[in-house]
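Take a look at the structure below.
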Amino acid sequence: MATRTLETSDGPMGVYVSEPANPRGAGVVVIQEAFGVNHHIQSVADRLAAEGYLALAPHLFHRTGDPLVAYGDIGAAMRHIGALTGAGLAEDLDLTVGLYDEYGIAAPQIGVVGFCMGGSVSLFAATHCALGAGVGFYGGGVVQGRMGLPPLLELAPKVKVPFLGQYGDNDQSIPVEQVEQLGAALRSAPVPTEIIRYPGAGHAFHCDERPESYHEPSATAAWARTLEWFDRYLAAEA
């Protein structure tokens with residue numbers, strides 16, 4: 001576990017690196033929530049490394065000071081999210097994916113998973129990057145674009161890698177109707193896609209460091225589906 005530094009056109013970007021003890025020849029890019037590459041995001045990367053994946057978590061707030069934002073400070077989080085741009089995210093993703101070259105991991109064996117704002121970015125990555133698979137947890141901006149990106153409904157038909165989206169039915173920020181619309185839009189993509197809804201779960205149901213939102217049954221099931229998705233689509237070629 002270490003942090004690498006990559007040079008972007010806007011200065012240095014940290015990337016948290018979690019290397020597997022027993023590598024399977026595949027990797028997963030972990031996209032942060034609205035609070036930075038904090039302990040929780042690092043722990044997700046470490047969990048993926050324990051499954052044999054080389055996990056890389058880019059610090060997407062590097063253009064605005066690379067902060068760790070407290071979970072309760074939504075105003076600060078929104079300021080940093082508001083400073084993101086589609087061009088900046090594309091560059092950060094390209095540089096992060098490119099880092100896998102140093103480890104001998106090819107694009108078809110690279111996945112992406114993101115949470116909250118990262119769930120939206122992961123779907124964007126599935127349209128922008130040559131990858132093997134993508135998973136998004138409760139990504140917003142379904143009908144109205146955020147972070148300089150188009151609405152997810154516009155991006156969905158352009159998804160070019162197998163994509164799994166996971167949402168809680170009690171998420172007050174992402175109505176079930178929008179989730180169903182997204183699922184329908186994804187079905188027009190030329191690759192396998194799936195949307196899973198979790199009754200009883202709200203936003204951020206996977207974050208076990210936020211007791212007010214963590215929903216253990218849904219988190220456990222969603223993580224198992226995530227690993228199964230990556231196992232299915234990121235298997236190294238014989």
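The values are calculated or read from the model by the stated rules, or taken from the named source; none is laboratory data. Just so it is clear, the structure is predicted and the values come from calculations on it, not from any experiment. Here the Cβ positions follow ideal geometry from the backbone for every residue, glycine too, while neighbour counts run over all protein chains shown. For accessibility, only protein heavy atoms count, side chains too; no ligands or nucleic acids. Shrake-Rupley method; radii C 1.70, N 1.55, O 1.52, S 1.80 Å.
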Which order do the peptides 66-76, 142-152, 182-192 come out in when sorted by mean C-beta neighbours inside 10 angstrom, highest first? 142-152, 182-192, 66-76
Gained length - E209 relative to A50, 0.36 nm times residue gap less alpha-carbon distance: 55.3 nm
For the chain, what is the Kirkwood hydrodynamic radius in Å, using each pair of distinct C-alpha atoms? 17.4
Gaussian network model of the chain, Cα springs within a sub-10 Å range: biggest mean-square fluctuation belongs to which of D171, D101, D46? D101
Suppose a student asked you for the relative contact order of the range 35-153, using Cα pairs under 8 Å spaced at least 6 residues apart; what percent would you report? 20
Accessible area of D169, 1.4 Å probe, to the nearest 10 Å²? 40
Taking the chain as a Gaussian network, Cα atoms linked when under 10 Å apart, which of Q166, Q178, Q109 shows the biggest mean-square fluctuation? Q178
Work out how much length V143 to A90 would gain on full extension: take 0.36 nm times their residue separation and subtract the Cα-Cα distance, in nm to one decimal. 17.0 nm
Determine the share of the chain's accessible area contributed by carbon and sulfur atoms, expressed in whole percent, with a 1.4 angstrom probe. 52
1.4 Å probe accessible area per residue over the chain, in Å²: 41
Against the rule of thumb 2.2 N^0.38 Å, how large the Cα Rg of the range 167-215 comes out: 1.28
Taking a probe of 1.4 angstrom, what is the accessible area of H40 in Å², to the nearest 10? 0
Below 8 Å between Cα atoms, with a sequence gap of 6+, how large is the relative contact order for the range 120-170 in percent? 46
I'd like the accessible area for Y198: 1.4 Å probe, protein heavy atoms, all chains in place, Å² to the nearest 10. 10
Percent of beta bridges antiparallel (DSSP, the range 1-123, rounded to nearest 5): 55
May I ask you to derive the relative contact order of the range 7-66, considering only C-alpha pairs under 8 Å and at least 6 residues apart, and to give it as an integer percent? 47
I need the calculated FRET efficiency for the pair E180 and A76, taking r as the beta carbon distance and R₀ as 41 Å, to the nearest 0.05. 0.80
